[in-house]
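The values are calculated or read from the model by the stated rules, or taken from the named source; none is laboratory data. Keep in mind it's a predicted model, so treat the numbers as computed, not measured. All Cβ positions, glycine included, derive from the backbone under ideal geometry; neighbour counts span all protein chains shown. In case anyone asks, the SASA skips ligands and DNA or RNA and just uses the protein heavy atoms, side chains included. Shrake-Rupley method; radii C 1.70, N 1.55, O 1.52, S 1.80 Å.
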Amino acid sequence: MSSTPVIEAKGLAKRYGAAVAVAGIDLSVSAGEVIGLLGPNGAGKTTSILMLLGLTEPSEGTVRILGRDPLRQPLEVKREVGYLPDSVGFYDSMTGRENLAYTGRLAGMSRDLARERIAAAFDKVRLAEAADQPVATYSRGMRQRLGIAELLMRECRVAILDEPTSGLDPQSTQELLDLIQRLSRDGMTILLSSHMLDVVQSICHRVALFNKGRIGFVGTVDELAARIGGGAFIVDVEADGIDLEKAASSTDGVKSVRSAEVGRWEVEATRDVRPDLARLIVQGGGSLRNLDLRRARLDQAYNRYFREVADAA
Ligand SMILES: Nc1ncnc2c1ncn2[C@@H]1O[C@H](COP(=O)(O)OP(=O)(O)OP(=O)(O)O)[C@@H](O)[C@H]1O
(Lines give C-alpha, C1' and ligand atoms only; values in the text may rest on other atoms or scores of the structure.)
Protein backbone atom coordinates (compact mmCIF):
# COMPACT_ATOMS: atom_id res chain seq x y z
CA MET A 1 0.00 0.00 0.00
CA SER A 2 1.37 3.41 -0.90
CA SER A 3 0.93 6.34 1.45
CA THR A 4 -0.10 8.89 -1.22
CA PRO A 5 -3.78 9.60 -0.64
CA VAL A 6 -5.95 8.50 -3.54
CA ILE A 7 -9.01 10.02 -1.92
CA GLU A 8 -8.82 13.09 0.24
CA ALA A 9 -11.88 14.85 1.65
CA LYS A 10 -11.53 17.89 3.88
CA GLY A 11 -14.38 19.51 5.80
CA LEU A 12 -16.89 18.01 3.39
CA ALA A 13 -20.47 19.02 4.21
CA LYS A 14 -23.85 18.83 2.53
CA ARG A 15 -27.03 20.60 3.57
CA TYR A 16 -30.45 20.29 2.01
CA GLY A 17 -32.16 23.49 3.15
CA ALA A 18 -32.04 23.37 6.93
CA ALA A 19 -31.34 19.61 6.98
CA VAL A 20 -27.72 18.57 7.42
CA ALA A 21 -26.91 15.33 5.58
CA VAL A 22 -23.11 15.53 6.07
CA ALA A 23 -21.76 17.86 8.73
CA GLY A 24 -18.08 18.10 7.79
CA ILE A 25 -15.97 15.00 7.22
CA ASP A 26 -12.24 14.48 6.72
CA LEU A 27 -11.15 11.25 5.07
CA SER A 28 -7.89 10.16 3.53
CA VAL A 29 -7.56 6.82 1.71
CA SER A 30 -4.35 5.29 0.32
CA ALA A 31 -3.83 3.31 -2.88
CA GLY A 32 -4.77 -0.34 -2.51
CA GLU A 33 -6.66 0.29 0.69
CA VAL A 34 -10.08 -1.25 1.31
CA ILE A 35 -12.09 0.98 3.61
CA GLY A 36 -15.56 0.24 4.96
CA LEU A 37 -18.05 3.07 5.38
CA LEU A 38 -20.37 2.07 8.20
CA GLY A 39 -23.11 3.62 10.25
CA PRO A 40 -26.85 3.64 10.84
CA ASN A 41 -29.36 4.50 8.12
CA GLY A 42 -29.30 8.21 7.37
CA ALA A 43 -25.82 8.75 8.86
CA GLY A 44 -24.52 10.34 5.63
CA LYS A 45 -22.62 7.54 3.84
CA THR A 46 -24.43 7.73 0.50
CA THR A 47 -24.34 11.53 0.43
CA SER A 48 -20.59 11.42 1.11
CA ILE A 49 -20.10 8.90 -1.71
CA LEU A 50 -22.10 11.10 -4.09
CA MET A 51 -19.86 14.06 -3.22
CA LEU A 52 -16.71 11.99 -3.74
CA LEU A 53 -17.99 10.98 -7.15
CA GLY A 54 -18.91 14.55 -8.07
CA LEU A 55 -22.57 13.58 -8.41
CA THR A 56 -23.67 16.10 -5.82
CA GLU A 57 -22.06 19.41 -5.01
CA PRO A 58 -20.74 19.87 -1.44
CA SER A 59 -22.10 22.83 0.53
CA GLU A 60 -18.61 23.14 2.03
CA GLY A 61 -15.22 21.48 1.88
CA THR A 62 -13.05 19.94 -0.79
CA VAL A 63 -12.55 16.55 -2.43
CA ARG A 64 -9.55 15.26 -4.30
CA ILE A 65 -9.84 11.87 -5.90
CA LEU A 66 -6.76 10.67 -7.81
CA GLY A 67 -5.55 14.26 -7.46
CA ARG A 68 -8.60 15.68 -9.25
CA ASP A 69 -11.61 17.73 -8.26
CA PRO A 70 -14.65 15.64 -9.23
CA LEU A 71 -16.78 18.72 -9.85
CA ARG A 72 -14.28 20.45 -12.12
CA GLN A 73 -12.96 17.36 -13.90
CA PRO A 74 -16.00 15.06 -13.92
CA LEU A 75 -15.07 13.16 -17.08
CA GLU A 76 -11.57 12.28 -15.89
CA VAL A 77 -12.93 11.20 -12.51
CA LYS A 78 -15.72 9.12 -14.08
CA ARG A 79 -13.16 7.39 -16.29
CA GLU A 80 -11.00 6.23 -13.41
CA VAL A 81 -13.49 5.81 -10.58
CA GLY A 82 -16.03 3.02 -10.81
CA TYR A 83 -19.28 2.96 -8.86
CA LEU A 84 -21.04 -0.32 -8.27
CA PRO A 85 -24.50 0.37 -6.84
CA ASP A 86 -26.46 -2.09 -4.76
CA SER A 87 -28.11 -3.45 -7.87
CA VAL A 88 -26.10 -3.11 -11.06
CA GLY A 89 -28.06 -2.15 -14.16
CA PHE A 90 -27.33 -4.06 -17.37
CA TYR A 91 -29.34 -4.73 -20.52
CA ASP A 92 -30.93 -8.09 -19.77
CA SER A 93 -31.51 -9.13 -23.36
CA MET A 94 -27.84 -8.57 -24.29
CA THR A 95 -25.06 -10.97 -23.31
CA GLY A 96 -22.50 -10.05 -20.68
CA ARG A 97 -19.92 -9.50 -23.42
CA GLU A 98 -22.28 -7.30 -25.45
CA ASN A 99 -23.05 -5.19 -22.37
CA LEU A 100 -19.35 -4.55 -21.75
CA ALA A 101 -18.70 -3.90 -25.46
CA TYR A 102 -21.43 -1.26 -25.30
CA THR A 103 -19.75 0.37 -22.27
CA GLY A 104 -16.44 0.22 -24.14
CA ARG A 105 -17.98 2.03 -27.12
CA LEU A 106 -19.44 4.72 -24.84
CA ALA A 107 -16.00 5.17 -23.27
CA GLY A 108 -14.54 5.68 -26.75
CA MET A 109 -12.46 2.48 -26.73
CA SER A 110 -11.43 0.93 -30.04
CA ARG A 111 -13.19 -2.35 -30.85
CA ASP A 112 -9.93 -4.35 -30.62
CA LEU A 113 -8.87 -2.84 -27.32
CA ALA A 114 -12.33 -3.41 -25.85
CA ARG A 115 -12.37 -7.05 -27.06
CA GLU A 116 -9.00 -7.72 -25.44
CA ARG A 117 -9.85 -6.03 -22.15
CA ILE A 118 -13.29 -7.66 -21.95
CA ALA A 119 -11.80 -11.13 -22.38
CA ALA A 120 -9.21 -10.44 -19.67
CA ALA A 121 -11.86 -9.00 -17.33
CA PHE A 122 -14.16 -12.03 -17.78
CA ASP A 123 -11.25 -14.32 -16.94
CA LYS A 124 -10.39 -12.34 -13.84
CA VAL A 125 -13.93 -12.41 -12.44
CA ARG A 126 -14.33 -16.09 -13.49
CA LEU A 127 -17.27 -15.41 -15.77
CA ALA A 128 -15.70 -16.47 -19.08
CA GLU A 129 -18.05 -19.41 -19.57
CA ALA A 130 -21.14 -17.23 -19.18
CA ALA A 131 -19.80 -14.29 -21.22
CA ASP A 132 -22.04 -15.09 -24.21
CA GLN A 133 -25.23 -15.77 -22.31
CA PRO A 134 -27.91 -13.09 -21.94
CA VAL A 135 -27.60 -11.20 -18.66
CA ALA A 136 -31.24 -12.15 -17.95
CA THR A 137 -29.93 -15.66 -17.17
CA TYR A 138 -27.30 -14.39 -14.67
CA SER A 139 -27.67 -14.92 -10.94
CA ARG A 140 -27.25 -11.93 -8.63
CA GLY A 141 -23.67 -12.99 -7.84
CA MET A 142 -22.85 -13.19 -11.57
CA ARG A 143 -24.31 -9.71 -12.12
CA GLN A 144 -22.13 -8.32 -9.34
CA ARG A 145 -19.08 -9.97 -10.92
CA LEU A 146 -20.09 -8.54 -14.29
CA GLY A 147 -20.18 -5.13 -12.59
CA ILE A 148 -16.63 -5.68 -11.38
CA ALA A 149 -15.58 -6.89 -14.85
CA GLU A 150 -16.81 -3.55 -16.17
CA LEU A 151 -14.60 -1.67 -13.68
CA LEU A 152 -11.65 -3.83 -14.74
CA MET A 153 -12.31 -3.27 -18.43
CA ARG A 154 -12.38 0.48 -17.82
CA GLU A 155 -9.14 0.10 -15.80
CA CYS A 156 -10.65 1.97 -12.86
CA ARG A 157 -8.18 2.76 -10.10
CA VAL A 158 -10.84 3.41 -7.49
CA ALA A 159 -14.01 1.39 -6.91
CA ILE A 160 -16.92 2.47 -4.75
CA LEU A 161 -19.12 -0.47 -3.87
CA ASP A 162 -22.55 -0.11 -2.26
CA GLU A 163 -23.65 -3.23 -0.35
CA PRO A 164 -21.87 -5.48 -2.88
CA THR A 165 -22.82 -8.75 -1.18
CA SER A 166 -26.44 -8.07 -0.25
CA GLY A 167 -28.68 -10.87 -1.42
CA LEU A 168 -25.77 -13.19 -2.24
CA ASP A 169 -25.57 -16.74 -0.90
CA PRO A 170 -22.53 -17.63 1.26
CA GLN A 171 -20.53 -19.10 -1.63
CA SER A 172 -21.17 -16.15 -3.97
CA THR A 173 -20.36 -13.79 -1.11
CA GLN A 174 -17.02 -15.51 -0.57
CA GLU A 175 -16.22 -15.45 -4.31
CA LEU A 176 -16.93 -11.73 -4.46
CA LEU A 177 -14.88 -11.01 -1.33
CA ASP A 178 -11.93 -12.99 -2.73
CA LEU A 179 -12.22 -10.98 -5.93
CA ILE A 180 -12.30 -7.66 -4.07
CA GLN A 181 -9.19 -8.69 -2.13
CA ARG A 182 -7.38 -9.58 -5.36
CA LEU A 183 -8.25 -6.16 -6.83
CA SER A 184 -6.90 -4.45 -3.73
CA ARG A 185 -3.67 -6.47 -3.94
CA ASP A 186 -3.36 -5.29 -7.56
CA GLY A 187 -3.50 -1.70 -6.28
CA MET A 188 -7.18 -0.78 -6.67
CA THR A 189 -8.51 1.47 -3.90
CA ILE A 190 -11.89 0.31 -2.66
CA LEU A 191 -14.58 2.10 -0.65
CA LEU A 192 -17.28 -0.19 0.51
CA SER A 193 -20.53 0.85 2.11
CA SER A 194 -22.23 -1.99 3.95
CA HIS A 195 -24.31 -2.98 6.94
CA MET A 196 -22.89 -6.52 6.82
CA LEU A 197 -20.23 -6.21 9.47
CA ASP A 198 -18.73 -9.69 9.10
CA VAL A 199 -18.18 -8.97 5.41
CA VAL A 200 -16.59 -5.62 6.21
CA GLN A 201 -14.31 -7.12 8.83
CA SER A 202 -13.12 -9.86 6.48
CA ILE A 203 -11.84 -7.52 3.76
CA CYS A 204 -11.47 -3.94 5.02
CA HIS A 205 -8.15 -2.60 6.24
CA ARG A 206 -9.93 0.24 8.05
CA VAL A 207 -13.47 1.28 8.86
CA ALA A 208 -15.03 4.75 9.05
CA LEU A 209 -18.01 4.99 11.39
CA PHE A 210 -20.54 7.59 10.31
CA ASN A 211 -22.84 9.07 12.91
CA LYS A 212 -25.25 11.94 12.27
CA GLY A 213 -23.31 13.31 9.32
CA ARG A 214 -19.87 13.03 10.89
CA ILE A 215 -17.15 10.40 10.94
CA GLY A 216 -16.92 9.52 14.61
CA PHE A 217 -14.12 7.02 14.22
CA VAL A 218 -11.74 5.91 11.50
CA GLY A 219 -9.19 3.15 11.98
CA THR A 220 -8.70 -0.60 12.19
CA VAL A 221 -11.07 -2.92 14.04
CA ASP A 222 -8.38 -3.43 16.70
CA GLU A 223 -8.12 0.33 17.13
CA LEU A 224 -11.90 0.56 17.43
CA ALA A 225 -11.87 -2.13 20.13
CA ALA A 226 -9.19 -0.18 22.01
CA ARG A 227 -11.03 3.10 21.58
CA ILE A 228 -14.16 1.80 23.29
CA GLY A 229 -12.09 0.64 26.22
CA GLY A 230 -11.97 -3.01 25.22
CA GLY A 231 -9.17 -5.07 23.78
CA ALA A 232 -8.33 -6.39 20.36
CA PHE A 233 -7.69 -9.85 21.82
CA ILE A 234 -10.43 -12.06 23.23
CA VAL A 235 -9.46 -15.28 25.02
CA ASP A 236 -12.06 -17.95 25.75
CA VAL A 237 -10.97 -19.87 28.83
CA GLU A 238 -12.24 -23.15 30.25
CA ALA A 239 -10.85 -24.19 33.63
CA ASP A 240 -11.86 -25.87 36.90
CA GLY A 241 -11.01 -25.05 40.51
CA ILE A 242 -10.25 -21.35 40.02
CA ASP A 243 -12.01 -18.00 40.28
CA LEU A 244 -10.58 -16.40 37.12
CA GLU A 245 -12.38 -13.09 37.58
CA LYS A 246 -10.47 -12.60 40.83
CA ALA A 247 -7.19 -14.14 39.65
CA ALA A 248 -6.82 -12.36 36.29
CA SER A 249 -8.53 -8.98 36.58
CA SER A 250 -5.36 -7.15 37.65
CA THR A 251 -3.11 -8.81 35.01
CA ASP A 252 -1.34 -6.31 32.75
CA GLY A 253 -3.28 -5.91 29.48
CA VAL A 254 -6.49 -7.51 30.75
CA LYS A 255 -9.47 -5.21 30.21
CA SER A 256 -12.29 -7.41 31.44
CA VAL A 257 -13.03 -10.94 32.61
CA ARG A 258 -16.60 -12.11 32.13
CA SER A 259 -17.95 -15.40 33.28
CA ALA A 260 -19.97 -17.10 30.54
CA GLU A 261 -21.03 -20.07 32.71
CA VAL A 262 -19.45 -22.10 35.50
CA GLY A 263 -15.85 -22.86 34.52
CA ARG A 264 -15.95 -20.67 31.38
CA TRP A 265 -14.80 -17.06 30.91
CA GLU A 266 -14.28 -14.51 28.17
CA VAL A 267 -11.20 -12.38 28.76
CA GLU A 268 -10.73 -9.17 26.77
CA ALA A 269 -7.18 -7.88 26.57
CA THR A 270 -4.93 -5.50 24.70
CA ARG A 271 -2.41 -8.29 23.98
CA ASP A 272 -2.28 -12.08 23.79
CA VAL A 273 -2.52 -12.94 27.48
CA ARG A 274 -2.84 -16.73 27.08
CA PRO A 275 0.54 -17.51 28.73
CA ASP A 276 -0.33 -15.29 31.71
CA LEU A 277 -3.75 -16.89 32.10
CA ALA A 278 -2.32 -20.42 31.90
CA ARG A 279 0.27 -19.56 34.58
CA LEU A 280 -2.33 -17.93 36.86
CA ILE A 281 -4.64 -20.94 36.61
CA VAL A 282 -1.90 -23.45 37.36
CA GLN A 283 -0.39 -21.35 40.17
CA GLY A 284 -3.86 -20.90 41.66
CA GLY A 285 -4.29 -24.68 41.87
CA GLY A 286 -6.83 -24.84 39.04
CA SER A 287 -6.81 -27.15 36.03
CA LEU A 288 -6.86 -25.65 32.57
CA ARG A 289 -9.12 -27.30 29.99
CA ASN A 290 -9.00 -24.88 27.06
CA LEU A 291 -7.63 -21.50 25.90
CA ASP A 292 -8.78 -20.05 22.56
CA LEU A 293 -7.67 -16.74 21.12
CA ARG A 294 -10.01 -14.68 18.92
CA ARG A 295 -9.70 -11.18 17.52
CA ALA A 296 -12.20 -8.49 18.49
CA ARG A 297 -15.35 -8.72 16.42
CA LEU A 298 -16.42 -5.69 14.46
CA ASP A 299 -20.12 -6.25 15.18
CA GLN A 300 -19.52 -6.22 18.94
CA ALA A 301 -17.19 -3.19 18.80
CA TYR A 302 -19.63 -1.38 16.47
CA ASN A 303 -22.61 -1.99 18.75
CA ARG A 304 -20.67 -0.90 21.80
CA TYR A 305 -19.45 2.23 20.01
CA PHE A 306 -22.96 3.31 19.02
CA ARG A 307 -24.34 2.46 22.49
CA GLU A 308 -21.69 4.74 24.02
CA VAL A 309 -22.44 7.51 21.52
CA ALA A 310 -26.17 7.27 22.33
CA ASP A 311 -25.48 7.28 26.09
CA ALA A 312 -23.24 10.33 25.76
CA ALA A 313 -25.90 12.29 23.81
N1 LIG B 1 -31.84 14.80 -1.65
C2 LIG B 1 -32.04 14.92 -0.34
N3 LIG B 1 -32.85 15.87 0.16
C4 LIG B 1 -33.04 16.00 1.49
N5 LIG B 1 -32.46 15.21 2.42
C6 LIG B 1 -31.64 14.25 1.98
C7 LIG B 1 -31.37 14.03 0.58
N8 LIG B 1 -30.51 13.00 0.47
C9 LIG B 1 -30.25 12.58 1.72
N10 LIG B 1 -30.92 13.32 2.63
C11 LIG B 1 -30.88 13.15 4.09
O12 LIG B 1 -29.53 13.18 4.50
C13 LIG B 1 -29.29 12.24 5.54
C14 LIG B 1 -28.16 11.30 5.14
O15 LIG B 1 -28.62 10.40 4.13
P16 LIG B 1 -27.70 9.31 3.43
O17 LIG B 1 -28.53 8.67 2.36
O18 LIG B 1 -26.43 9.92 3.02
O19 LIG B 1 -27.46 8.28 4.62
P20 LIG B 1 -26.80 6.82 4.57
O21 LIG B 1 -25.82 6.78 5.68
O22 LIG B 1 -26.32 6.51 3.22
O23 LIG B 1 -28.04 5.88 4.93
P24 LIG B 1 -28.36 4.34 4.43
O25 LIG B 1 -27.55 3.44 5.31
O26 LIG B 1 -29.82 4.24 4.73
O27 LIG B 1 -28.06 4.25 2.98
C28 LIG B 1 -30.61 11.56 5.81
O29 LIG B 1 -31.24 12.18 6.89
C30 LIG B 1 -31.40 11.79 4.52
O31 LIG B 1 -32.78 11.83 4.78
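Using the alpha-carbon atoms, what tilt in degrees (0 to 90, nearest 10) does helix 140-153 show relative to the longest principal axis of the chain?
60 degrees
Taking 0.36 nm per intervening residue step and subtracting the Cα-Cα distance, what contour gain separates Asn303 from Arg111 on full extension?
Here the answer is 64.1 nm.
For the range 118-133, just list the computed ³J(HN,Hα) in residue order, Karplus coefficients 6.51, -1.76 and 1.60, θ = phi - 60°, integers in Hz, with x standing in for Gly and Pro.
For the range 118-133, the Karplus-derived couplings read 5, 4, 5, 5, 4, 4, 5, 8, 6, 10, 4, 5, 9, 4, 9, 9 Hz, x marking Gly and Pro.
Hey, what angle do you get for helix 298-312 against the long axis of the chain, alpha-carbon based, 0 to 90 degrees rounded to 10?
80 degrees
Enumerate by residue number the GluC sites (Glu not before Pro) in the range 58-156 meeting two conditions: DSSP loop (anything except H, G, I, E, B), and at most 14 other Cβ atoms within 10 Å of the site's Cβ.
Answer by residue number: Glu155.
³J(HN,Hα) across the range 60-67 via Karplus (A = 6.51, B = -1.76, C = 1.60, θ = phi - 60°), whole Hz, x for Gly/Pro?
8, x, 10, 10, 10, 10, 6, x
How large is ³J(HN,Hα), in whole Hz, for each residue of the range 212-220 in order, when computed from phi with the Karplus curve 6.51 cos²θ - 1.76 cosθ + 1.60 and θ = phi - 60°, using x for Gly and Pro?
Along the range 212-220, the couplings run 6, x, 10, 9, x, 8, 9, x, 7 Hz.
Write out the chymotrypsin sites (Phe, Trp or Tyr not before Pro) in the range 204-243 meeting two conditions: DSSP loop, and at most 16 other Cβ atoms within 10 Å of their Cβ.
none
Given the C-alpha atoms of the chain, compute the convex hull and give its volume per residue in Å³.
Looking at the chain, the number lands at 158 Å³ per residue.
So what's the angle, to the nearest 10 degrees on a 0 to 90 scale, between helix 170-185 and the longest Cα principal axis of the chain?
80 degrees
Under 5 Å between amide H atoms, partner at least 5 residues away or on a different chain: which partners does Ser30 have, H built in plane at 1.01 Å?
Result for Ser30 returns Val6.
Mind giving me the nanometre distance, one decimal, between the label points for Asp26 and Asp178, set 7 Å out from Cα along Cα→Cβ?
4.1 nm
Please get the size of the charge dipole for the range 5-219, origin at its Cα centre, with Cβ charges of +1 on Lys and Arg and -1 on Asp and Glu, quoted in debye to the nearest 20.
480 debye
Within the range 70-178, list the chymotrypsin sites (Phe, Trp or Tyr not before Pro) lying in a DSSP loop whose Cβ has at most 15 other Cβ atoms in a 10 Å radius.
Here the sparse-neighbourhood loop sites are Tyr91.
Quick one: which of 225-232, 165-172 comes out on top by average Cβ neighbours within 10 Å, and what's the full order, highest first?
Packing proxy ranking, top to bottom: 225-232, 165-172.
Determine the share of the chain's accessible area contributed by carbon and sulfur atoms, expressed in whole percent, with a 1.4 angstrom probe.
47 percent
Which of the residue pairs Lys10/Lys212; Lys45/Lys78; Lys14/Lys78; Lys14/Lys124 have a Cα-Cα distance greater than 28 Å in the structure shown?
In this structure, Lys14/Lys124 exceed 28 Å between Cα atoms.
Over the range 1-98, what is the mean sequence separation of C-alpha contacts under 8 Å (at least six apart), divided by residue count, expressed as relative contact order in percent?
27 percent
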